[in-house]
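Worksheet: the structure to be examined is printed underneath.
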Amino acid sequence: MLGGAAPAGQTVTVDLSGLRSATGIVRACMTQDAGAFPACPKDAKSHHLTVPADRSTRLTFRNVAPGRYALAVLHDENGNGKADRALGMMPKEGFGFSRDAPVRMAPPKFGDAAFAVGDRDVALAVRMRYML
């Protein structure tokens, strides 16, 4: 490339549905590291967003390099920065994953939530779920 900047990457837009309230914040992370999913903070190269909760929340990740990613979303209703649980296991707050990956007694596997980012922008829809 002559005299130009390197490509900036793609935009990944995520429309959330099913938020039960506009209370608190929405935290999202997107990673390429299967070992760091869904706890993306373990991956220094992961993408993170925190936005105020709204019943029609849209997340926009910018400058995303091509690759295979998985996305995890938490509706942190009390804003304490963590996923609250009942009886040590069951989530008390809402959660969602890319590709509407199934949850069976544990978070989904990376492969179930993985999606590709290539040479075009990506649009995803994530349905939030609440156990309690």
| field | Derived scalar couplings ³J(HN,Hα) [the range 120-130; Karplus, 6.51 cos²θ - 1.76 cosθ + 1.60; whole Hz; x for Gly, Pro] | value | 10, 4, 10, 10, 10, 10, 10, 9, 7, 10, 10
| remark: Scaled by the rule-of-thumb 2.2 N^0.38 Å, the alpha carbon Rg for the range 1-119 gives a ratio of 1.13
| task | Express the relative contact order of the range 1-92 as a whole percentage, based on alpha carbon pairs under 8 Å and six or more residues apart in sequence. | result | 37
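Roughly how big is the chain's charge dipole about its Cα centre, with Cβ charges of +1 (Lys, Arg) and -1 (Asp, Glu), in debye to the nearest 20?
Details: 17 positive and 12 negative charges, 44 e Å.
My answer is approximately 220 debye.
Arranged by the count of other C-beta atoms within 10 angstrom, fewest first, what order do Phe61, Phe95, Phe37 take?
Values: Phe61 22, Phe95 18, Phe37 29.
Ordered from fewest to most neighbouring Cβ atoms within 10 Å, Phe61, Phe95, Phe37 come out as Phe95, Phe61, Phe37.
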| query | For the chain, what is the mean residue ellipticity at 222 nm derived from helices alone (per DSSP H run of n ≥ 4: -39500 (n - 2.57); sum divided by total residues; nearest 500 deg cm²/dmol)? | reply | -500 deg cm²/dmol
| request: Neighbouring Cβ atoms within 10 Å as the yardstick, rank His47, His75 fewest first. | output: His47, His75
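As a footprinting exposure proxy, order Asp43, Asp121 by other Cβ within 10 Å, with the fewest listed first. Provide the component values of the computation, followed by the final result.
Numbers: Asp43 18, Asp121 14.
So the residues, fewest neighbours to most, are Asp121, Asp43.
No lab work stands behind these numbers, since they all come straight from the coordinates. Note that this is a predicted model, so its numbers are computed, not measured. Please note: Cβ atoms are built from the backbone with ideal geometry, for glycine as well, and neighbour counts cover all protein chains shown.
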